[in-house]
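The values are calculated or read from the model by the stated rules, or taken from the named source; none is laboratory data. Just so we're clear, the structure is a prediction, and the values are computed from it rather than from any experiment. Glycine also receives a Cβ, built like all others from the backbone with ideal geometry; neighbour counts cover every protein chain displayed. For accessibility, only protein heavy atoms count, side chains too; no ligands or nucleic acids. Shrake-Rupley method; radii C 1.70, N 1.55, O 1.52, S 1.80 Å.
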Amino acid sequence: MTTRPAHPGARSIRTTPEGLMWEPSERWVRGRKGDVTVVDSRHPVLVWEPHLPVPQYVFPDADVRTDLLRPAKHPPNGTHTGSRTFYDLDADGEVRANAAWRFPADDLAGHLAFEWFLRTDTGLDHWYEEDEEIFIHPRDPHKRVDALPSSRHVRVEIDGRLVAETREPVLLFETSLPTRYYVPREDVRLDLFDATDHSTGCPYKGTAEYWSWRGEGDVPPNIVWSYPDPLPAVAAVQGRLAFFNEAVDITLDGERLERPETPFSRMLRKR
């Protein structure tokens with residue numbers, strides 16, 4: 001029989017003295033290293049660390065191949081909200097250092113977390129919710145992403161030059177982020193941009209490809225992106241192009257929008 005924290009109530013999040021937030025999930029979650037299933041849990045728990053905006057899973061010990069875990073040789077003490085108990089994973093002919101750990105919280109005793117947030121070199125190779133593979137991090141049940149076709153008038157300028165204009169955008173609304181305006185490819189001056197080899201993954205939208213501005217000016221690279229094969233929930237953005245509102249000028253229905261300040265703003269300034 002597996003053990004799990006007592007259910008605090010539907011869609012209710014609890015907070016530990018260490019600053020962690022958690023709630024049980026009803027999803028069937030599996031994690032694999034090569035051909036080995038390391039995690040197979042129908043009772044995962046979602047955990048939010050104070051310094052991370054996205055959740056991660058922890059799993060009851062009984063749902064983990066603990067026989068594949070060894071006390072870490074070089075534990076990174078102090079990471080993951082003060083965790084001090086780390087494990088190396090020995091599976092599928094390879095050892096991955098500090099692949100798992102325990103949070104120092106009584107509420108989460110008897111549970112193990114695994115590295116996977118942008119860290120495939122130390123974590124597992126593949127994760128699944130039910131029978132769908134997921135990437136980067138678990139999807140937040142309190143976050144919503146909607147892609148809505150629209151007839152609004154969108155203009156995009158870079159250093160005063162018009163680079164895109166459409167009356168057939170798809171507006172993507174994502175919790176805690178500014179609205180993104182996905183423009184039909186034929187309405188974008190792609191001749192003013194160069195395709196790059198940069199790509200990113202998103203558990204809500206899929207894998208994006210990027211373009212950089214080829215003109216002059218203080219314009220960050222990879223300013224334009226597109227999802228050639230988006231996840232079904234946002235299929236309406238397929239093949240369309242979006243711009244970082246944080247670094248271009250967007251006019252919506254004749255009104256110039258202020259450039260938002262987001263975590264992407266800081267990232268773009270560092271490029």
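So which pairs qualify, if the first residue must be in the range 24-49 and more than 15 Å from ASP125 (Cβ to Cβ), the second must be of a type in the set (Ser, Thr, Tyr) and open to solvent by less than 60 Å² (accessible area, probe 1.4 Å), the Cβ gap must be under 7 Å, and the two must be at least 6 apart or on different chains?
HIS43/THR2; PRO44/SER25; PRO44/TYR57; VAL45/SER25; VAL45/TYR57; LEU46/SER25; LEU46/TYR57; GLU49/THR81
Which residue pairs have Cβ atoms under 7 Å apart, sit 6 or more places apart or on different chains, and have a first residue in the range 116-133 that is modelled with pLDDT of 90 or more and a second that is outside any strand (DSSP E or B) and open to solvent by 90 Å² or more (accessible area, probe 1.4 Å)?
GLU129/ARG27; GLU130/ARG27
Quick check on the range 50-67: of everything there that is open to solvent by less than 60 Å² (accessible area, probe 1.4 Å), outside any helix (DSSP H, G or I) and not hydrophobic (A, V, I, L, M, F, W, C), which residue is farthest from THR122 (Cα to Cα)?
Out of the qualifying residues, it is PRO60.
Of all residues in the range 68-112, which are open to solvent by less than 60 Å² (accessible area, probe 1.4 Å) and of a type in the set (Val, Ile, Thr)?
Hits for the range 68-112 are THR79, THR81.
Taking the residues in the range 176-189 that are more than 19 Å from LEU257 (Cβ to Cβ) and within 27 Å of the chain's Cα centre (by Cα) as candidates, determine which candidate is surrounded by the most Cβ atoms within 10 Å (Cβ to Cβ).
PRO184
Filter the range 74-112 for residues that are among the charged types (D, E, K, R) and touching a residue at least 40 places away in the same chain (Cβ under 8 Å) and give the result.
Within the range 74-112, ASP92, GLU94, ARG96, ASP106, ASP107 meet the criteria.
Can you work out which of the residues in the range 17-38 that are over 12 Å from VAL58 (Cβ atoms) and touching a helix residue (DSSP H, G or I) at 6+ places or on another chain (Cβ under 7 Å) is surrounded by the fewest Cβ atoms within 10 Å (Cβ to Cβ)?
GLY19
Limited to the range 158-172, what total is found for residues that are open to solvent by less than 30 Å² (accessible area, probe 1.4 Å) and over 17 Å from SER226 (Cα atoms)?
Within the range 158-172, residues that are open to solvent by less than 30 Å² (accessible area, probe 1.4 Å) and over 17 Å from SER226 (Cα atoms) number 1.
Need at least 3 residues that are more than 30 Å from PRO24 (Cα to Cα) and modelled with pLDDT of 95 or more per element, so show me which strands (runs of 3 or more DSSP E) inside the range 141-231 make the cut, counting only ones lying wholly within it.
154-158, 161-166, 180-182, 193-202, 206-213, 224-226
Could you please find all residues in the range 50-68 being within 19 Å of ALA105 (Cβ to Cβ) and free of Cβ contacts under 8 Å to residues at least 40 places away in the same chain?
PRO50, HIS51
Cβ-Cβ under 8 Å, sequence separation 6+ or interchain: first residue in the range 184-203 and in contact (Cβ under 8 Å) with a residue 12 or more places away in the chain, partner of a type in the set (S, T, N, Q) and open to solvent by less than 70 Å² (accessible area, probe 1.4 Å). Which pairs?
From the range 184-203, the pairs are PRO184/THR166; ARG185/SER226; ASP187/THR166; PHE193/SER212; ASP194/SER212; THR196/SER212; THR196/ASN222; HIS198/ASN222.
Quick check on the range 200-221: of everything there that is among the small types (Gly, Ala, Ser) and out of contact with any strand residue (DSSP E or B) (no Cβ under 6 Å at 6 or more places or on another chain), which residue is surrounded by the fewest Cβ atoms within 10 Å (Cβ to Cβ)?
The selected residue is GLY217.
Restricting attention to the range 68-87, which residues are farther than 23 Å from LEU52 by Cα and not in a helix (DSSP H, G or I)?
Passing the criteria: LEU69, ARG70, PRO71, ALA72, LYS73, HIS74.
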